[in-house]
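The values are calculated or read from the model by the stated rules, or taken from the named source; none is laboratory data. Since the structure is predicted, the reported quantities are computational estimates derived from the model, not experimental observations. Methodologically, a virtual Cβ is constructed for each residue, glycine included, from the backbone with ideal geometry; neighbour enumeration extends over all protein chains shown.
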Amino acid sequence: MSKLNIDQKKIKQLFEDKRSDFLIPDYQRPYAWGEDECQTLWKDIFNFAFPDKELEKFNSDEEYFLGPIVTFENNKKLEVIDGQQRLTTLMLLLRVFYKRLEKMKDENSMRTKQNLAQCIWKSDEFGNENKEKLKIDSQVALDEHKNEFLEILKTGDAKDFKSQYAINFRYFEKEVDEFLKEYPSYFAYLPTRILNNCILLPIEADNEKTALRIFSTLNDRGKPLADADIFKAQFYKFYVAKNQKDEFIEKWKNLEILCKEVFSKKDNTSTDEIFNRYMYYQRALKGNKNSTTEGLRDFYEKDSYALLKSDRTFEDLQNLGSFWQAISIQDKNYFDENTLRWLFILNYAPNIMWANITSVYFMKNRDEQNQLDNIKFAKFLEKITAFIFAYSFIYPSVSQLRIPIYSAMIDIINDKEMDFSKFLFEKENLKTFIQN
């Protein structure tokens with residue numbers, strides 16, 4: 001059974017803990033909070049810390065909940081699965097407060113500055129902070145500005161940067177300066193109340209899989225972490241080892257753009273779909289006709305993600321994506337008129353099985369230019385159109401269709417005729433179902 005460590009903590013408690021060495025992993029998405037989110041955070045915290053803008057109305061027993069942080073320990077670092085945006089933004093805000101407090105010499109300000117330092121930087125056994133060692137690190141593969149974030153935290157200077165980190169840092173500087181102008185004598189109270197009365201709910205799982213499952217459960221209102229984000233990280237490591245990091249990042253961005261255009265999911269799982277369709281090709285190659293289809297992540301993580309440590313796999317995904325892009329735009333340079341008619345009809349199929357078997361057909365029968373013989377392809381489409389529509393009248397559940405379709409996928413791989421001969425049904429019986 002998976003173990004969880006859950007204990008709500010004040011920001012100061014969580015950040016200054018010696019174990020709090022946060023890592024935003026390579027598969028996470030780039031930092032995305034803009035000024036609107038920062039403005040909401042600032043107003044919420046300010047109104048909590050200064051009710052009606054009056055110092056005396058604050059109740060020191062009250063707490064303000066900022067949300068969960070889901071992590072798991074990986075090589076003595078707390079790998080952040082959920083809470084990346086919140087955690088990053090809080091660090092920027094605390095760094096702004098520290099920067100302003102550096103010029104203040106009163107006792108409250110000095111003590112608050114020391115508390116902030118313990119939250120931002122690692123320290124030695126005497127409590128002396130090392131400003132080269134931050135409590136947070138980012139390895140996000142596709143975030144070209146992550147080094148700016150780390151540099152801002154180290155130096156407190158964002159004037160020469162143009163990233164979203166810098167924009168948000170300057171926003172907080174503006175708000176903090178306005179607060180300082182209005183409440184010069186009480187400036188230290190605001191960061192102190194943030195540290196002592198704003199709380200987070202750190203949820204530490206014992207492994208990555210458990211942490212991801214918790215994240216998916218908690219994040220029903222936000223964007224779930226897509227399987228493709230995990231796969232991207234594996235490709236990233238593979239191409240970094242080959243000194244092809246920049247080329248990969250550019251290719252991955254193009255693949256994501258293509259998938260969003262072609263598959264147009266409502267959430268952020270468009271890129272998952274190309275991995276899903278490629279999975280059926282790989283299953284067919286292995287002769288796997290098991291009607292129980294495993295999860296996408298479970299399939300690709302086998303043998304330490306061996307399938308994703310290959311140039312061939314990424315090229316296959318790109319070519320398969322281009323094939324579906326040609327279908328989505330009804331590309332007449334790619335398909336003849338007859339083929340396009342069948343593809344148009346299949347768009348109205350009662351389930352997605354036609355797309356999976358068509359992906360297998362393309363991967364097996366494409367030529368060196370990634371083209372198909374239109375005459376043979378049209379015959380294939382005609383046959384699956386007849387079978388899938390007819391079979392769905394008799395067996396409406398998609399689970400019933402998996403058995404014949406999975407078997408046909410293996411026939412395609414083995415260059416056998418795909419005739420569905422083991423799954424015949426009576427013509428009159430079909431007519432009755434259609435009439436009903």
Report task. State yes or no: is V360 within 20 Å of T292 (Cα to Cα) and surrounded by fewer than 16 Cβ atoms within 10 Å (Cβ to Cβ)? Result -> no
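A quick yes/no check of all residues on (1) small (G, A, S); (2) farther than 14 Å from N356 by Cβ; (3) within 34 Å of the chain's Cα centre (by Cα):
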{"residue": "N370", "(1), (2), (3)": "no, yes, yes"}
{"residue": "N374", "(1), (2), (3)": "no, yes, no"}
{"residue": "F377", "(1), (2), (3)": "no, yes, no"}
{"residue": "F380", "(1), (2), (3)": "no, no, no"}
{"residue": "I388", "(1), (2), (3)": "no, no, yes"}
{"residue": "F393", "(1), (2), (3)": "no, yes, no"}
{"residue": "V398", "(1), (2), (3)": "no, no, yes"}
{"residue": "A408", "(1), (2), (3)": "yes, no, yes"}
{"residue": "I413", "(1), (2), (3)": "no, no, yes"}
**Report entry** the range 244-269, subset surrounded by 13 or more Cβ atoms within 10 Å (Cβ to Cβ) and modelled with pLDDT under 90, residue farthest from T358 (Cα to Cα)
**Finding:** K245
Requested in this report: Test S291 against the criterion of being assigned to a loop (DSSP other than H, G, I, E, B), surrounded by 12 or more Cβ atoms within 10 Å (Cβ to Cβ) and touching a Lys or Arg at 6+ places or on another chain (Cβ under 6 Å), and give yes or no.
Outcome: yes
Query raised in the report: Quick one: is A117 in a loop (DSSP other than H, G, I, E, B) and not charged (D, E, K, R)?
Result: no
**Report entry** Top-ranked residue of the range 131-186 - restricted to ones that are surrounded by fewer than 18 Cβ atoms within 10 Å (Cβ to Cβ) and of a type in the set (G, A, S), ranked as nearest to E250 (Cα to Cα)
**Finding:** G156
**Report entry** Residue check, F362 free of Cβ contacts under 8 Å to residues at least 60 places away in the same chain and under 27 Å from N429 (Cβ atoms)
**Finding:** no
Report summary line: Checked the range 53-71 for anything in contact with a helix residue (DSSP H, G or I) (Cβ under 7 Å, 6 or more places away or on another chain) and surrounded by 10 or more Cβ atoms within 10 Å (Cβ to Cβ); matches are L55, F58, E62, E63, Y64, L66, G67, P68, I69, V70, T71
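Give F72, F97 a once-over and let me know the one that is closer than 29 Å to N207 by Cα and either among the basic types (K, R) or in contact with a Leu (Cβ under 9 Å, 6 or more places away or on another chain) (or both).
None of the others qualify; the one that does is F72.
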Query raised in the report: Between residues in the range 6-34 that are assigned by TED's automatic domain parsing to the domain that holds W121 and residues that are among the charged types (D, E, K, R) and in a loop (DSSP other than H, G, I, E, B), which pairs lie under 7 Å by C-beta distance while being six or more apart or on different chains?
Result: F15/K135; S20/K135; D21/K76; D21/K135; F22/K135; P30/D143; Y31/D143
Report task. Please tell me if E148 is within 28 Å of K237 (Cβ to Cβ) and not in a loop (DSSP other than H, G, I, E, B). Result -> yes
Report task. Any chance you could count how many residues in the range 278-330 are charged (D, E, K, R) and closer than 23 Å to V240 by Cβ? Result -> 9
Requested in this report: Please enumerate the residues belonging to the range 49-76 that are under 29 Å from P25 (Cβ atoms) and among the aliphatic types (A, V, I, L, M).
Outcome: L66, I69, V70
